[in-house]
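Here is the structure we will look at, set down as structure tokens.
The values are calculated or read from the model by the stated rules, or taken from the named source; none is laboratory data. Owing to the predicted nature of the structure, the values given are computational and were not obtained by experimental measurement. Counting neighbours? That spans all protein chains shown, and the Cβs are built from the backbone with ideal geometry, glycine included.
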Protein chains: 2
Amino acid sequence: MQDQELDTEEPRRRSDGEQTHAAILDAAIRLASIEGLNSLTIGRLARELGISKSGVFAHFRSKERLQEETVDAAGEIFEREVLTPGLSAPEGLAQLEALCEAYLSYVERRVFPGGCFFAHLLAEFDAQSGPVHDQMESNQRGWLGMVAGMIETAIERGELDPATDPLQLAFELHAAMELANYLSMLHRDPSVVDRGRRAIRDALARATQGPRGSRSTSPSPGNPQSGG
Amino acid sequence: MQDQELDTEEPRRRSDGEQTHAAILDAAIRLASIEGLNSLTIGRLARELGISKSGVFAHFRSKERLQEETVDAAGEIFEREVLTPGLSAPEGLAQLEALCEAYLSYVERRVFPGGCFFAHLLAEFDAQSGPVHDQMESNQRGWLGMVAGMIETAIERGELDPATDPLQLAFELHAAMELANYLSMLHRDPSVVDRGRRAIRDALARATQGPRGSRSTSPSPGNPQSGG
DNA sequence: GTTTAGTTCGCACGGTCGTGCTATTTAATC
DNA sequence: GATTAAATAGCACGACCGTGCGAACTAAAC
């Protein structure tokens, strides 16, 4: 199957329209990442892009569709900037580390000017019912499940202590990433991301050698790298 | 000091007005905790309370003041529900644990129907400049500083490993609390808070006997106090 | 019981919102 | 180059926004 415009039945696009469509979504993503999906406004996008309100509206035919497409477009960026680099590492602990680092780097590089688009969306819609809430819920489940899955794989490969609780560790890693995002934005200080980095490194280091109590093996491969 | 209306010069309040004022703020807090401070609307509050728009407006004389007073009123609730019970425990590790538990309990009990009011505000305003952003920044600094201060005290009293980095541990505790809040709201499942509880318990347990990995080289595991 | 001043309402304003409808322009196809 | 359909502009609509103003009401102080 290659052509499946059966239910949506989109009209064919012209090149100039395609370009405008992309420009609108680009501005929408920028705006929504800073001020939230709900303060996305057709009139404001039109003003910002120097085109008419009808010009913007015609591309989506409803505000809801504009929001949906904005979230989808942001999702593609997230996939490109976080998931793809994260998953490109070899399976196991290395992949888990790569994914966390890909996320932190994506926050640090301000891929979205307002920080992680989906962290923002999580807070905006966690308490509101509706399609966005539902999509966020499945997104979160997927993300946390993926991280937990990587932890399980790392355990199976003997890279993490078998006593590790995958979902619990995934929760802790996720928590460090999200707070690093929020605080680095709040204080306009990308170096806050290093706190998250360290929290993740420590959490993984702990899980590599068991919690405590029992005599551990070597005191971790000493890495006297002059960290900044 | 008890009377300091020097600069603001508020008019004296009548009893019925006082009551309406409180009712408006109550509704505003409820609404803002779910949908965000920016979707707070004078017209909507009026509709919800069955009074006229002017009736609401007269109590604040600007939307900005309404928002400020709403945040302040939510702050008082936070103080009553989290800070006061947290600080009532004896100084040291016990107080730190009490504070974390007070927060988690406050999330669990849905003191605000949309979850932690300030976690919501953090995400809403982290990337936006303005007075709310600035107040949130100082709030966050104060909160994290307070937690770190308690950790320092606990270290001084020999209840936590002296190799512990107070700010780093504070970050990790804070991260667990925030994510517990967001996810428990997103999944409409208060039991998610237990994940945060466990993350905090584990983090504190680790800090009671010294970490295993990471770069904190000083072993000094010399306090065999049985952790609970 | 009169006076005073805080409440509350009704009304109006200019602005923005989302969304239709009708032109007009213009890229793509024949 | 004529045809076709997409892209965009212009305009209008009803709704809601924040805010001002004056009138009516009423609790509190005298």
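Sort through B:GLU35, B:GLU97, B:GLU68 and tell me the only one that's more than 14 Å from DNA strand C (Cβ to nearest atom) and farther than 30 Å from B:ARG198 by Cα.
Result of the check over B:GLU35, B:GLU97, B:GLU68: B:GLU68.
Determine whether B:SER52 is surrounded by fewer than 16 Cβ atoms within 10 Å (Cβ to Cβ), within 16 Å of DNA strand C (Cβ to nearest atom) and more than 14 Å from chain A (Cβ to nearest Cβ). In short, yes.
Taken over the stretch A:42-63, the criterion of being hydroxyl-bearing (Ser, Thr, Tyr) and either touching an Asp or Glu at 6+ places or on another chain (Cβ under 6 Å) or within 12 Å of DNA strand D (Cβ to nearest atom) (or both) is satisfied by A:SER52, A:SER54.
Considering the stretch A:149-169, and only residues there that are surrounded by fewer than 19 Cβ atoms within 10 Å (Cβ to Cβ) and without any contact (Cβ under 8 Å) to a residue 40 or more places away in the chain, the residue that is farthest from the other protein chains (Cβ to nearest Cβ) turns out to be A:GLU156.
Residues B:ALA74, B:ALA46: which one is small (Gly, Ala, Ser) and surrounded by 19 or more Cβ atoms within 10 Å (Cβ to Cβ)? Quick ask: steps written out before the conclusion?
Working: B:ALA46 fails: surrounded by 19 or more Cβ atoms within 10 Å (Cβ to Cβ).
Among B:ALA74, B:ALA46, only B:ALA74 is small (Gly, Ala, Ser) and surrounded by 19 or more Cβ atoms within 10 Å (Cβ to Cβ).
Please verify whether the stretch A:55-74 includes one or more residues that are modelled with pLDDT of 95 or more, outside any helix (DSSP H, G or I) and basic (Lys, Arg). There is at least one residue in the stretch A:55-74 that is modelled with pLDDT of 95 or more, outside any helix (DSSP H, G or I) and basic (Lys, Arg). Taking the criterion of being acidic (Asp, Glu) and touching a Lys or Arg at 6+ places or on another chain (Cβ under 9 Å), the residues of the stretch B:77-107 that qualify are B:GLU81, B:GLU91, B:GLU97, B:GLU101.
Working carefully through the options A:GLY75, A:GLY114, A:GLY86, find the one that is within 14 Å of another protein chain (Cβ to nearest Cβ) and under 27 Å from B:LEU186 (Cα atoms). Of A:GLY75, A:GLY114, A:GLY86, the one residue that is within 14 Å of another protein chain (Cβ to nearest Cβ) and under 27 Å from B:LEU186 (Cα atoms) is A:GLY114.
Which of the following residues is under 20 Å from A:ASN181 (Cα atoms) and either modelled with pLDDT under 95 or surrounded by fewer than 24 Cβ atoms within 10 Å (Cβ to Cβ) (or both): B:LEU173, B:LEU186, B:LEU204? Let's see the steps before the verdict.
Values: B:LEU173 fails: either modelled with pLDDT under 95 or surrounded by fewer than 24 Cβ atoms within 10 Å (Cβ to Cβ) (or both); B:LEU204 fails: under 20 Å from A:ASN181 (Cα atoms).
Among B:LEU173, B:LEU186, B:LEU204, only B:LEU186 is under 20 Å from A:ASN181 (Cα atoms) and either modelled with pLDDT under 95 or surrounded by fewer than 24 Cβ atoms within 10 Å (Cβ to Cβ) (or both).
Going by the structure shown, is B:ARG188 outside any helix (DSSP H, G or I) and of a type in the set (Lys, Arg)? Spelling it out, B:ARG188 is indeed outside any helix (DSSP H, G or I) and of a type in the set (Lys, Arg). Just one residue in the set B:SER33, B:SER39 is within 14 Å of another protein chain (Cβ to nearest Cβ) and either in contact (Cβ under 8 Å) with a residue 40 or more places away in the chain or more than 9 Å from DNA strand D (Cβ to nearest atom) (or both); that residue is B:SER33.
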